[in-house]
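Engineer: Following this message is one structure expressed as structure tokens.
Nothing in this text is a laboratory measurement; each read-out follows from the coordinates by a stated rule. Please read all numbers here as calculations on a predicted model, not as lab measurements. Reconstructed Cβ throughout: ideal geometry from the backbone, glycine too, with neighbour counts over all protein chains shown.
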Amino acid sequence: MRRLEWTLPTLLEKLREVLHFSLTADRNNPGWYYAKAANDLRPNSVVIDLIFFRIKIPIPTEWVVVYGPNADISPLRYDVDKEETDSSITQQEELRAWVRSNLGRINQVQRLYSDVTDMPAGSLSGAGLKTLTSENLEDELNGGPHFVSLTGHGYSGGVAHLNEGLMNNLTNGHKTFIAVADSCLTNQFDVNDAIGEKLVKYPNGGAVAYVGNSRYSWIGIGDDFRLAFFKAMKYTRNLAMLNDSRCYLAGDTNGRPYKIWTIFEQTLMGDPEMNVYRTDLDAYPKYIGNHKTKELHRSTCQWVKRMATWNMRYYDSIEEGINLGYDGCAFCLKAYDHG
């Protein structure tokens, strides 16, 4: 089941209405349906006769007929919306919950969603929640957020209202952000230029780094890589290693061909040697195991820099790694080295 949402020019943020789909909509019954053609405004549907009853199945077309009060049939825009929470929202909410539990210093969150109407009641409270519009997004980006998590259908020119036109209105100056997008083509480096590169090069602010896809992303897959990026922040603040977190999913058998695809085409725009934290106190003292050699190291050990990313395993304590069969490094964890 789908419904029609519309937003009026006045009170853009507050005035958002819902009109439900109905094959029987007419001047006396508000609703909307897909029409047969521009010159045939009858509902477009196919009729199936069963033994005891008849059913009509609507067939989508490019023409929509809307019945209701005058204010309802001349809105600023319509959105055709499924009557369920969009997966992009549930995935962002999962990320928000994980960050809240594991990265306590990221304690201010603003949420801009296009499908606020269908959000579960429990998700409506808490961090700032607004409708995703160009105006709202511009305001938030000009405020200088540290991280920006983007999702939705993308192309080289933008995603989620973030395009060149909006970028040219940014005035965030030195308060640049790190953007992570799981959408298609926003880092397509063989065009001149994709939105990821434009944001990093933008002289009046924009982004200091942008992680996105140079080719197509996959629904239900891309959000795994975005979550992996933030999870890696528990153990490193190095931007290149955060982007390399995509390699952790190489052995995941769930949708493995799509994950391998994403590993190859997820691209970082920005200085790979940049650290995303401001002081050393912001980095967590964690331990890294070499899955190949079964050696456990401190995160600051010289041998960690020589380790292949796909062999790295992260642990919150020495005991956790030792109990899994690792041996202490002879240099940084000599007391746990058994030769």
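Engineer: Where does the stretch 195-302 land on Rg/Rh, using Cα atoms and the Kirkwood Rh? If you can, show how the numbers build up before the last one.
Structural biologist: Values: Rg = 15.3 Å, Rh = 15.3 Å.
Ratio value, two decimals: 1.00.
Engineer: Compare Lys294, Lys198, Lys305 in a GNM of the chain, Cα atoms joined below 10 Å, and give the one with the largest fluctuation.
Structural biologist: Lys305
Engineer: Please state the charge dipole magnitude for the chain, taken about the Cα centre, from unit charges on C-beta atoms (+1 on K and R, -1 on D and E), reported in debye and rounded to the nearest 20. Before the final figure, lay out the partial values.
Structural biologist: Values: 36 positive and 41 negative charges, 119 e Å.
Using only the charged Cβ atoms, the result is roughly 580 debye.
Engineer: Of the cross-linked pairs Lys231/Lys305; Lys259/Lys294; Lys259/Lys334; Lys56/Lys130; Lys130/Lys259, which ones have a Cα-Cα span greater than 30 Å in the structure shown?
Structural biologist: Values: Lys231/Lys305 19 Å; Lys259/Lys294 26 Å; Lys259/Lys334 37 Å; Lys56/Lys130 37 Å; Lys130/Lys259 32 Å.
Pairs exceeding 30 Å: Lys259/Lys334; Lys56/Lys130; Lys130/Lys259.
Engineer: Rounded to the nearest 5, what is the percent of antiparallel bridges among the DSSP beta bridges in the chain? Each step should come with its number before you reach the end.
Structural biologist: Numbers: 40 of 55 bridges.
Just about 75 percent of them are antiparallel.
Engineer: Charges only on Cβ, +1 for Lys and Arg, -1 for Asp and Glu: so what's the dipole of the stretch 215-297 about the Cα centre, in debye to the nearest 20?
Structural biologist: 240 debye
Engineer: How big is the equivalent ellipsoid of the chain along its three axes, where each semi-axis is √(5λ) from the Cα gyration tensor, reported in whole Å from largest to smallest? Before the final figure, lay out the partial values.
Structural biologist: Details: eigenvalues 432, 113, 66 Å².
Whole-Å semi-axes of the equivalent ellipsoid: 46, 24, 18.
Engineer: While we're looking at this one, here's another question. What ranking, highest mean first, results for peptides 316-324, 214-222 when packing means the other Cβ atoms within 10 Å averaged over each residue?
Structural biologist: On the way: 316-324: 14.3, 214-222: 17.8.
Going from most to least packed, we get 214-222, 316-324.
Engineer: To two decimal places, what compactness ratio does the stretch 87-281 give when its Cα radius of gyration is scaled by 2.2 N^0.38 Å?
Structural biologist: Here the Cα radius of gyration is 0.97 times the empirical estimate.
Engineer: Of Asn168, Asn29, Asn102, which has the largest mean-square fluctuation in a 10 Å C-alpha GNM of the chain?
Structural biologist: Largest GNM mean-square fluctuation: Asn29.
Engineer: With springs only between Cα atoms under 10 Å, which of Gly104, Gly289, Gly165 fluctuates most in a Gaussian network model of the chain?
Structural biologist: Comparing Gly104, Gly289, Gly165 in a Gaussian network model of the chain, the most mobile one is Gly104.
Engineer: Turning to a different aspect of this structure: Restricting to DSSP H runs of at least four residues, report the calculated mean residue ellipticity at 222 nm for the chain, -39500 (n - 2.57) per run over all residues, nearest 500 deg cm²/dmol. Write down the numbers at each step before the final one.
Structural biologist: Values: 8 runs with 67 residues, N = 339.
Theoretical 222 nm ellipticity from helices: -5500 deg cm²/dmol.
Engineer: Farthest toward the dipole's positive end in the chain, which of Ala37, Ala71, Val47, given Cβ charges of +1 (Lys, Arg) and -1 (Asp, Glu) about the Cα centre?
Structural biologist: Value: Val47.
Engineer: Suppose the Debye formula is applied to equal point scatterers at every Cα of the stretch 285-336; what is log10 I(q)/I(0) at q = 0.14 Å⁻¹?
Structural biologist: Taking Cα atoms of the stretch 285-336 as identical point scatterers yields -0.26.
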